[in-house]
1. Step by step: first the residues of region 28-60, then only those that are surrounded by 11 or more Cβ atoms within 10 Å (Cβ to Cβ) and more than 30 Å from residue 236 (Cα to Cα), then the one that is modelled with the lowest pLDDT. Which residue is that?
2. Kindly evaluate residue 227 against the criterion of being under 25 Å from residue 49 (Cα atoms), modelled with pLDDT under 90 and not in a loop (DSSP other than H, G, I, E, B).
3. Hey, does region 233-251 have a residue that's in contact with a helix residue (DSSP H, G or I) (Cβ under 7 Å, 6 or more places away or on another chain), part of a helix (DSSP H, G or I), within 25 Å of residue 25 (Cα to Cα) and modelled with pLDDT under 85?
4. Does any residue of region 139-146 turn out to be modelled with pLDDT of 90 or more and surrounded by fewer than 17 Cβ atoms within 10 Å (Cβ to Cβ)?
5. Filter region 1-18 down to the residues that are part of a helix (DSSP H, G or I) and surrounded by 14 or more Cβ atoms within 10 Å (Cβ to Cβ) and list them by number.
6. Scan region 262-291 for residues that are in contact with a helix residue (DSSP H, G or I) (Cβ under 8 Å, 6 or more places away or on another chain), under 20 Å from residue 237 (Cα atoms) and assigned to a helix (DSSP H, G or I) and jot them down.
7. Quick test for you: out of 167, 175, 198, pick the one residue that is part of a loop (DSSP other than H, G, I, E, B) and either farther than 22 Å from residue 112 by Cβ or modelled with pLDDT under 85 (or both).
8. What number goes with the only condition from (1) within 17 Å of residue 201 (Cα to Cα); (2) modelled with pLDDT of 50 or more; (3) loosely packed, with under 13 Cβ neighbours inside 10 Å that residue 63 does not pass?
């Protein structure tokens, strides 16, 4: 494509020269009417494009503090969630499958540790569940961690419900009667956190799943093609160019900005109006007729 022609900075002079161009083109009424209609369409589309581009996109760095409450809030949310998940894992694993590390541990000590960890986990996870999820990045990490810990705790809970005290570690049914409901509450809280964080996480991945949003580049390119077409559609004959130059001389004598007049001499009347309509920041009302 050809470079965009930027008209003189003096808006009044550009509009005055535009009126002269309209009068010259009216020598061919039918062609001029079709051109004017096309210029109005180009002008309206271009103004819409320019107004949209002038709205500065808000960066994620500017949005994050307003949505998430700032770095301190994100850190607090992450720390409390981490404490809750670690405590939940400790409370579940302590009464998990017997292995070489815990097969000979004291049942009373193990139960005390499990209950203490479960209580801490329930309190911390409840706080996280009631808090607002900070942002998609925190939600992604929190959801992934919660799913892993939740599956482990749920697996151990199911094992204890099925196996009971059959692993010979010395636990009594009364011990499990306290631990089982506490662990079930912890698992439910983790499930609640996963449910809370999932929609926030999806905010970050949804655009990539839908595909790249149109950037508007194709639309701008088409508008430039329309402007180039309008600039070249009515090629003036020698008599029209003579009339154009004479009207420019008259405009210069009336005091129209010489720079605008000089630039207009290098363009045809149709080209001047085409790039005026393409400008997007100058109003062509009062210059180009609507019909």
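1. 60
2. Numbers: under 25 Å from residue 49 (Cα atoms): yes; modelled with pLDDT under 90: yes; not in a loop (DSSP other than H, G, I, E, B): yes.
Criteria met by residue 227.
3. Quick first cut of region 233-251, residues in contact with a helix residue (DSSP H, G or I) (Cβ under 7 Å, 6 or more places away or on another chain) only: 233-234, 236, 240, 243-245, 247-248, 251.
Still in the list and also part of a helix (DSSP H, G or I): 233, 240, 243-245, 247-248, 251.
Filter once more, so that each one left must be within 25 Å of residue 25 (Cα to Cα): 233, 240, 243-245, 247-248, 251.
From what's left, modelled with pLDDT under 85: 233.
Among the residues of region 233-251, at least one is in contact with a helix residue (DSSP H, G or I) (Cβ under 7 Å, 6 or more places away or on another chain), part of a helix (DSSP H, G or I), within 25 Å of residue 25 (Cα to Cα) and modelled with pLDDT under 85, which makes the answer yes.
4. yes
5. Listed by number, the residues that qualify are 11, 13, 14, 15, 16, 17, 18.
6. Listed by number, the residues that qualify are 264, 265, 269, 270, 271, 272, 273, 274.
7. Among 167, 175, 198, only 167 is part of a loop (DSSP other than H, G, I, E, B) and either farther than 22 Å from residue 112 by Cβ or modelled with pLDDT under 85 (or both).
8. If we test residue 63 against (1) within 17 Å of residue 201 (Cα to Cα); (2) modelled with pLDDT of 50 or more; (3) loosely packed, with under 13 Cβ neighbours inside 10 Å, just (2) comes out false.
The values are calculated or read from the model by the stated rules, or taken from the named source; none is laboratory data. Given the structure is predicted, the values throughout are model-derived calculations rather than measurements. All Cβ positions, glycine included, derive from the backbone under ideal geometry; neighbour counts span all protein chains shown.
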